[in-house]
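Beneath this line is the structure, given in C-alpha cells, with notes to follow.
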Amino acid sequence: MTRVGFLYPGHSAEDDYPAFADLLDDVELPLVHTLMREDAHRVDALMDVGSEGVLAKGAQELAALEVDAAVWACTSGSFVFGWQGAQRQVQGVRDVVGVPTSSTSFAFVHALRQLGVSRVAIAATYPDDVGQRFVDFLDDAGVSVVSLASHGIPTAAEVGRLEPDDVVDYVITNDHPRSEVVLVPDTALHSADLIDPMEALLGKTVLTANQVSVWEGLRLVGRCGARNGPGNLFRTGASTVRDPFVAR
C-alpha cells in the first residue's frame, strides 16, 4: 500500500484527504497537523505558518508514520517564501523525513508541466496581495497568469466553511477565455467532490490545491500512470514531468 504523508496547517479541509483516498483506491494519505499560531491570510502570518521550526516539528511526526513521500500541503505558506525559499522548505522536510518531498506550490507547477499548458486563470480565496505572491511564483516557472480573482477571505477556517455551490460559482465565474486551466490555490478549500462538476461546467481542466498535493505525492513515489480520479489531471498521469524544481 502506498503511503503519502502530508503536513497540513491547522484545521479546515483536512477531510479532503480521506475523500481523495477513497476515490483513488490502494493509497493511504496520513496527515500531520502543523502549528498555526494565527489563522490569517496575511503575509507575516503565512511566513510563520511555513517557518523552519514549525515544519521541522511536523516532519518529525510525519517520519514516525513511515510514509513513502511527503508533501507540505499549504500553497500560500510555501509561495510567500518565493521560489528559492519554497525549495528550502522542501529540502528541510526531506532532511527530516528522509523520503521524496514537495509542496503544494510546486505541485501546481508540476501539474501544469504534465498537462503541457502555461496560460492560467487563478480563482484565489486570498486577499489580493497574497494572490499576487502566487502570480510571482508562477512567473518564475514560466507560467502566464491571464487573470487573478481574489476572494479576500481573511482566514483558512472561513474558507473551509464555504458552501459547495458557492465554491463552484466562484470558480466558474472567474475563468478567463484565454486560460487553458483554472487554478484554485488553497488547501483550506474542500474540493474532492467539486472538481469533476467544475470541469464539466467549464469545459477545461480545474486544478485545486488538495488535488495537486495528492497527485504530487503519487508522482513522488513513481505512481505515474493515468488513473481514474477526480479531474483531468489524474487521468493524464504524471509521466512527463522533468527537472521538477527548476524555474522556467
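Just so it is clear, none of the values below were taken in a lab; they were calculated from the coordinates. Computed from a predicted model, the values in this text were never measured in an experiment. Neighbour counts run over all protein chains shown; Cβ positions are idealised from the backbone, glycine included.
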With an 8 Å cut-off on Cα pairs and a minimum separation of 6 or more residues, tell me the relative contact order of region 43-135 in percent. 33 percent
Could you tell me whether region 25-127 comes out rounded, prolate or oblate from its Cα gyration tensor? Rule is a ≥ b ≥ c as square roots of the eigenvalues, rounded for a/c under 1.5, then prolate if a/b exceeds b/c, otherwise oblate. oblate
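Which of rounded, prolate, oblate describes region 94-224, given a ≥ b ≥ c as roots of the alpha-carbon gyration tensor eigenvalues and a/c under 1.5 marking rounded, otherwise prolate only if a/b is larger than b/c? Mind showing how you got there, number by number?
Working: a/c = 1.42, a/b = 1.30, b/c = 1.09.
Note, shape of region 94-224 comes out rounded.
For the ranges 87-93, 199-205, what's the packing order if you count other beta-carbon atoms within 10 Å of each residue, average per peptide, and put the highest first?
On the way: 87-93: 18.7, 199-205: 15.0.
For the peptides 87-93, 199-205, the packing ranking is 87-93, 199-205.
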Output the Kirkwood hydrodynamic radius of the chain, Cα pairs only, in Å rounded to one decimal. 17.4 Å
Tell me, what HN-Hα J-couplings in whole Hz come from the Karplus equation 6.51 cos²θ - 1.76 cosθ + 1.60 at θ = phi - 60° for each residue of region 107-124, using x for Gly and Pro? 4, 4, 5, 5, 5, 5, 5, 4, 7, x, 10, 9, 10, 10, 9, 10, 10, 9
Summing -39500 (n - 2.57) over every DSSP H run of at least 4 in the chain, dividing by its residue total and rounding to the nearest 500, the 222 nm mean residue ellipticity is -13000 deg cm²/dmol
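Name the GluC sites (Glu not before Pro) in region 1-69 that are in a loop by DSSP and that have at most 16 other C-beta atoms within 10 Å, would you? Spell out each step's value before the answer.
Working: sites: Glu14, Glu28, Glu38, Glu52, Glu61, Glu66; in loops: Glu14, Glu38, Glu66.
Of the GluC sites (Glu not before Pro), the ones in loops of region 1-69 whose Cβ has at most 16 other Cβ atoms within 10 Å are Glu38, Glu66.
Please compute the net charge surrounding Ala157, taking Lys and Arg as +1 and Asp and Glu as -1 over other residues with Cβ under 13 Å from its Cβ.
Details: positive: Arg161; negative: Glu14, Glu38, Asp39, Glu158, Asp186.
Here the count lands on -4.
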The answer for Thr155, listing residues at least 5 apart or on another chain whose modeled amide H is closer than 5 Å to its amide H, is His41
In whole Å, how far is the Cα centre of region 169-233 from that of region 12-60? 18 Å
Collect residues whose amide H, placed 1.01 Å from N in the peptide plane, falls under 5 Å from the amide H of Phe6; neighbours closer than 5 in sequence don't count. Leu31, Val32, Val71
In percent, what relative contact order does region 196-240 have, based on Cα pairs under 8 Å that are 6 or more apart in sequence? 35 percent
